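As structure tokens, the structure follows; a few thoughts come after it.
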Amino acid sequence: MALEKPYLDIPGTIIFDAEQSRKGYWLNQFCMSLMKAENRERFKANERAYLDEWPMSEEQKQAVLARDLNWCMRTGGNIYFLAKIGATDGKSFQQMAGSMTGMTEEEYRHMMINGGRSVQGNRYLGEDGDAQPNRQPQGAASRKA
Amino acid sequence: MARITASVYTSHVPAIGAAMDLGKTHEPYWQPLFKGYDFSKQWMKDNKPDVIFLVYNDHATAFSLDLIPTFAIGTAAQYQPADEGWGPRPVPVVQGHPALASHIAQSVIQQDFDLTIVNKMDVDHGLTVPLSLMCGELDPVRDAWPCPVIPFAVNVVQYPVPSGQRCFALGQAIRKAVESYDEDLNVHIWGTGGMSHQLQGARAGLINREWDNAWLDQLIDDPAACARTPHIDYVREAGSEGIELVMWLIARGAMADVAGGAKPRLAHRFYHVPASNTAVGHAILENV
């Protein structure tokens, strides 16, 4: 019998459940290794070689090299683990979270100062909020797209 | 006999710790947030506990995917502030209370909660940011936190996290455990994390001021009803990381009124948006 997953109808959201955790095990453990300064140095010196030491999928490695956190999440990454990549790159949590929306850093920061993203239209897939799949990317990037 | 005299609720946003560590608390961005804790710092001095039982979550720091305990109680003598990738926070080492922690572990397990016992771990911003907010800036070497701390880590990283009901019942068991300890100790219980925030995907940056405040009203006035809030409501209404709020129910469950005593007194309440990606909520309840 399938597990109960009532959260699959929320737009722009991947819940890190048992299935995602299995899928992302090595990706997340690679991220954990960046908690050690000497590993951060080795990773920065040759990212591809360092990633090849881990039994991750090729897609997971590509997602890390591209620093595409949405892609990392789809392949099983969890934000608290992926944050170690951001820390290695000298990025804040706000920069990391913002990068997943397509907004510029300035645009995202501005949205937060103005009270954050509204839940209106963003509770269920198929509503008309700014987090819906048909409205990506957000911010100035949407006008270029 | 040991007794729980108060509960404290607060968000534990890492950027708050960074702002304190880098001396940015007077910048216009941060000033309104720290103003909301002026009362609390004075309150901590006026109501200094002997021990803080601090409920928080580890953010892939002490616990990787190697080991994911749902409820973990720290019984060690001390805990080092962790290096989360930016270097360890420059704050004092956290002193534990092994005797009371071990007592609570045994008592709570005997009340049917299967805790994981941890004798060695580093503590991340989830634990040290609430201490900094309530105690102010402290020198990592010359100063010390005001009292020993028992870290109590809850899994809110890998779904499913424990339900609000389970957390609320656990708080009640912790209260019984504390009250069965012979030494006369004044214990605070803190619930941390939240409020609304989402750190991932196209919905990153979600804040729900109305929901947060309605939830906090209910936590204070009708915690048993609040505990029945299903997981999906936290995720949908308060963001994927807003689910951290279940940890506040552990602290609330440990208050006297839940066991038939008097309603607690609301000493302080504060709400502010934003701190980085997050809505900051804070409250102090005193047993009367």
#### Entry: Label point distance in nm, A:A18-B:D182, each placed 7 Å from Cα along Cα→Cβ
4.4
### For A:Y50, A:Y108, A:Y7, order by how many other beta-carbon atoms lie within 10 Å, fewest first
A:Y7, A:Y50, A:Y108
### Task
Could you please rank A:L65, A:L34, B:L219, B:L249, placing first whichever residue has the fewest other Cβ atoms within 10 Å of its Cβ?
A:L65, A:L34, B:L219, B:L249
### Query
Using the Karplus equation 6.51 cos²θ - 1.76 cosθ + 1.60 (θ = phi - 60°), what ³J(HN,Hα) coupling, rounded to whole Hz, does each residue of the range B:141-152 give in order, writing x for Gly and Pro?
10, 6, 9, 9, 5, x, 7, x, 10, 9, x, 10
### Task
Return the single residue from A:I85, A:I15, A:I113 with maximal mean-square fluctuation; model: Gaussian network over chain A, springs between Cα atoms under 10 Å.
A:I113
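Just the C-alpha atoms of the protein assembly as shown: what Rg/Rh do they give, with Rh taken as the Kirkwood radius? Could the numbers behind the result be given before it?
Values: Rg = 20.9 Å, Rh = 21.9 Å.
Here the Rg-to-Rh quotient is 0.95.
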### Summary
Expressed to two decimals, the range A:18-89 has a Cα Rg over Rh, using the Kirkwood radius, of 0.92
### Task
Enumerate the aspartates and glutamates that B:K120 could reach by cross-link, defined here as Cα to Cα under 19 Å, with residues fewer than 8 away along the same chain left out.
B:D58, B:D66, B:D83, B:E84
### Task
Pick out which of A:G116, A:G129, A:G77 has the largest mean-square fluctuation in a Gaussian network model of chain A, springs linking Cα atoms closer than 10 Å.
A:G116
### Task
Towards the positive end of the charge dipole of the protein assembly as shown, with charges on Cβ (+1 Lys, Arg; -1 Asp, Glu), say which of A:P6, B:F39, A:N46 has the farthest Cα.
A:N46
### Message
Using Cα springs under 10 Å in a Gaussian network model of chain B, which residue among B:E244, B:E137, B:E183 shows the largest mean-square fluctuation?
### Response
B:E183
### Task
Hey, for a label at B:V141 modelled as a point 7 Å past Cα toward Cβ, could you say which residues of the range B:80-101 have their backbone N under 15 Å away?
B:90-93
### Message
Could you compute Rg(Cα) / (2.2 N^0.38 Å) for chain A, with N its residue count?
### Response
1.13
### Task
Would you please give the residues with an amide H less than 5 Å from that of B:V149, counting only those at least 5 places away or on a separate chain, with H modeled from the backbone geometry?
B:I52, B:Q95, B:G96, B:H97
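With the convex hull built on the Cα atoms of the range B:64-124, state its orientation-averaged projected area in nm². Kindly include the intermediate steps, with their values, before the conclusion.
Details: hull surface 18.7 nm².
Averaging across all directions leaves 4.7 nm² for the Cα convex hull.
Readers should treat all values here as calculations from the given coordinates under stated rules, not as data from a laboratory. This one's a predicted model, so the numbers in the text were calculated from it and none came from an experiment. We place every Cβ from the backbone using ideal geometry, glycine too, and count neighbours over all the protein chains shown.
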